Amino acid sequence: MQHFPIFVALAGRRVVLSGGGEAALAKLRLLLKTEARLTVISANPAPDILAWESAGRLSVLRRAMQPGDADGAVLFYAADEDAAEDARTSALARADGALTNIVDNLDDSQFITPAIVDRDPVTVAIGTEGAAPVLARQIKADLEERLPSGLGRLARIGKGFRKMADALPMGRRRRDFWSDFYLGAGPRALSAGEDQVRDTLDALLDRYMSAADRPGHVAFVGAGPGDPELLTLKARKALDSADVVIHDRLISPEILELARREALMIDAGKEGFGPSMSQSDIDALIVEHARAGAQVVRLKSGDPTVFGRLDEEIDACTAAGVTWHIVPGITAASASVAAIGQSLTRRERNASVRFLTGHDMKGFADHDWKALARSGEVAAIYMGKKAARFIQGRLLMHGADPATAVTVIENASRPDQKIIAATLSTLPADLAAADMNGPALTLYGLAPRAAQTVLSQIDRQEFA
Ligand code: SAH
């Protein structure tokens, strides 16, 4: 981050701008939204500037800038649209102690003005370090659309009510009160008028003053395969309001970033292999925090109900009298077939699909292998990398076709996703050559669609 975003107090303080043309006007329109004392320095100010002057909204010095003109100013804008003059005026302003900006000159500016979404007093500042103004404008447009225009009014009324709400104990109860106001009761009341909003605040405060603290609760939340955009809205909401997040090691940092800033983040470090917290330690940890009154999010990769030892954690909650619920997520198998453009099931190929773990396959009975070895079968094998040679051996022994497609997808849905298209006969060698370190899913009986298309073209050529 080369520029650190801050909000500068401008009420009653001086801001000076040198320039009287288009660039000056653009900046002034923005600055006139503040309560700053504005001075414009220009020998030839545009008519709008003169109109603002006669309306008493700013003062104008009709000449070129001189030393001392920016005395006591917090901010200075060089907006003469002339490189030499801008360099001169900004040097003068710096000498006067103001922080300076030269319009359209990132390198020589001490600060830059972000794109602003204005729902005063709610203000969103968007910066791209000058790299992509188009992007900043797009984000601004998106946000403008997303933030209801009544938000500013709501925030202003809420601000006036802050002192009263301070009667609520700090922490969860006060936070719940405000989120109830801004996200629920407030917007509803606003449609009936501002008086209604004030009444609603009074009623809401009464309710929260007498309410008992919310008891602790555990949400078992699926974080999906890694791409933050594959989180469900419910998962996002749970992360937004969590006091404690207990997560697996597979959860990507981008997703952990989404948790409420004050939330306690605990890495339970469970991975198929390698060091990990024991399951009973994790169970105890979940229960301990929920019992202390926390809203706990137990964040699991993919879908929490798939190879996640979820039942042990639920049993621990039930035994301790802690309430819980499950928020499903996108499992690795879904992300992996999507990555190769295939369906998990297909008419006349396979009407069923097996979800297996590489670990448990060692305990497979002969009839399981026989069933899987039939042509057209599809299986999604989790944690199957280390078991590849074993799986290959058993399937071949039970008559599987050595040319059966097997695709391994590493880091499905993540930027470093890798796809290895193999066959049953080449699987162990192809895996060894690929040298994968990330989580990987093996899709038995499926080839990437592109490869298949290419293959069938070759077939057709051969038959032609
Ligand atoms: N509950 C998870 C699975 C947990 S078991 C889910 O529903 O996806 C962990 C295994 O899931 C890993 O060993 C790997 O086989 C698979 N896995 C998890 N995330 C993955 C990803 N992004 N890409 C490929 N496989 C993944």
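Only the coordinates and a few stated rules stand behind these numbers; no lab work does. Note that the structure is predicted; figures quoted are calculated from it, not measured. Neighbour counts run over all protein chains shown; Cβ positions are idealised from the backbone, glycine included.
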Inset, instruction - Relative to the compact-globule scaling 2.2 N^0.38 Å, provide the ratio for the alpha-carbon radius of gyration of the stretch 151-210. - result: 1.01
Legend entry - Cβ-Cβ FRET estimate between Asp120 and Ala292, R0 fixed at 41 Å, reported to 0.05: 0.55
Legend entry - For the chain, size of Cβ-based charge dipole, Lys and Arg +1, Asp and Glu -1, in debye: 840 debye
Inset, instruction - Calculate one ³J(HN,Hα) per residue across the stretch 129-144 by plugging θ = phi - 60° into the Karplus curve 6.51 cos²θ - 1.76 cosθ + 1.60, and present them in order as whole Hz with x for glycine and proline. - result: 6, x, 6, 8, x, 4, 5, 4, 5, 5, 4, 4, 4, 4, 5, 4
Legend entry - the chain: angle of helix 388-397 to the longest principal axis, Cα-based, in degrees nearest 10: 30 degrees
Legend entry - Quarter of Cα convex hull surface for the stretch 107-164, i.e. mean projection, nm²: 5.1 nm²
Legend entry - Of the GluC sites (Glu not before Pro) in the stretch 127-195, those whose Cβ has at most 16 other Cβ within 10 Å and which sit in DSSP loop: Glu129
Inset, instruction - May I ask you to compute the full-extension gain from Glu22 to Ala95, defined as 0.36 nm times their residue separation minus their alpha-carbon distance, rounded to one decimal in nm? - result: 23.7 nm
Legend entry - Full-stretch length increase - Glu229, Ala320 - with 0.36 nm per residue and alpha-carbon distance subtracted: 29.3 nm
Legend entry - Links that overshoot a 29 Å alpha carbon limit, given the list Lys33/Lys237; Lys234/Lys362; Lys33/Lys159; Lys300/Lys362; Lys140/Lys237: Lys33/Lys237; Lys234/Lys362
Inset, instruction - Could you state, as a whole-number percent, how many of the C-alpha pairs of the stretch 334-410 are farther apart than 21 Å? - result: 24 percent
Inset, instruction - Give the shape of the stretch 217-330 as rounded, prolate or oblate, defined through the alpha-carbon gyration tensor: a ≥ b ≥ c are the square roots of its eigenvalues, a/c under 1.5 means rounded, and otherwise the shape is prolate if a/b is larger than b/c and oblate if not. - result: rounded
Inset, instruction - With r as the distance between the Cβ atoms of Ser425 and Phe355 and R0 = 22 Å, compute the FRET efficiency 1/(1 + (r/R0)^6) and round to 0.05. - result: 0.35
Inset, instruction - Would you mind working out the magnitude of the charge dipole of the stretch 217-330 relative to its Cα centre, with +1 at each Lys and Arg C-beta and -1 at each Asp and Glu C-beta, to the nearest 20 Debye? - result: 240 debye
Legend entry - Whole-Å semi-axes of the ellipsoid equivalent to the stretch 129-278 (Cα gyration tensor, √5λ, descending): 34, 25, 12
Legend entry - Residue-averaged [θ]222 nm for the chain, counting only DSSP H segments that reach four residues, each worth -39500 (n - 2.57): -11000 deg cm²/dmol
Legend entry - Leading residue at positive end of dipole, the chain (Cβ point charges), from Phe220, Ala388, Phe111: Phe220
Inset, instruction - Restrict the search to the stretch 291-334; then list the trypsin sites (Lys or Arg not before Pro) that DSSP places in a loop and that have at most 16 other Cβ atoms within 10 Å of their Cβ. - result: Arg309
Inset, instruction - Once every Cα of the stretch 365-452 carries one equal point scatterer and solvent is ignored, give the base-10 log of I(q)/I(0) from the Debye formula at q = 0.14, 0.18, 0.20 Å⁻¹, two decimals. - result: -0.44, -0.72, -0.89
Legend entry - Ratio Rg/Rh, restricted to the stretch 38-94 and using Cα atoms, in which Rh is the Kirkwood radius: 0.96
Legend entry - Approximate spin-label separation Ala450-Asp240, in nm, with each point projected 7 Å along Cα-to-Cβ: 3.7 nm
Legend entry - Counting all C-alpha pairs of the chain, share separated by more than 43 Å (%): 42 percent
Inset, instruction - Return the FRET efficiency for the residue pair Arg347, Asp82: r is the Cβ-Cβ distance, R0 is 56 Å, and the value is rounded to the nearest 0.05. - result: 0.20
Inset, instruction - Could you work out how far apart the two model spin labels at Arg63 and Lys418 are, taking each label as a point 7 Å from the Cα in the direction of the beta carbon, and quote it in nm? - result: 7.1 nm
Inset, instruction - Treating only the Cβ atoms of Lys and Arg (+1) and Asp and Glu (-1) as charged, compute the dipole magnitude of the stretch 14-113 about its Cα centre; round to the nearest 20 debye. - result: 440 debye
Inset, instruction - Work out how much length Asp206 to Arg137 would gain on full extension: take 0.36 nm times their residue separation and subtract the Cα-Cα distance, in nm to one decimal. - result: 20.6 nm
Inset, instruction - Report, in degrees rounded to the nearest 10, the 0 to 90 angle that the Cα long axis of helix 83-95 makes with the longest principal axis of the chain. - result: 80 degrees
Inset, instruction - Using the 2.2 N^0.38 Å rule of thumb for compact globular proteins, work out how the stretch 14-113 stacks up: its C-alpha Rg over that value, please. - result: 0.94
Legend entry - Signed unit charges on C-beta, dipole axis of the chain, positive-most listed residue Val245, Ala84, Ala203: Ala203
Inset, instruction - Considering Cα pairs under 8 angstrom that are at least six residues apart, work out the relative contact order of the chain and quote it in whole percent. - result: 9 percent
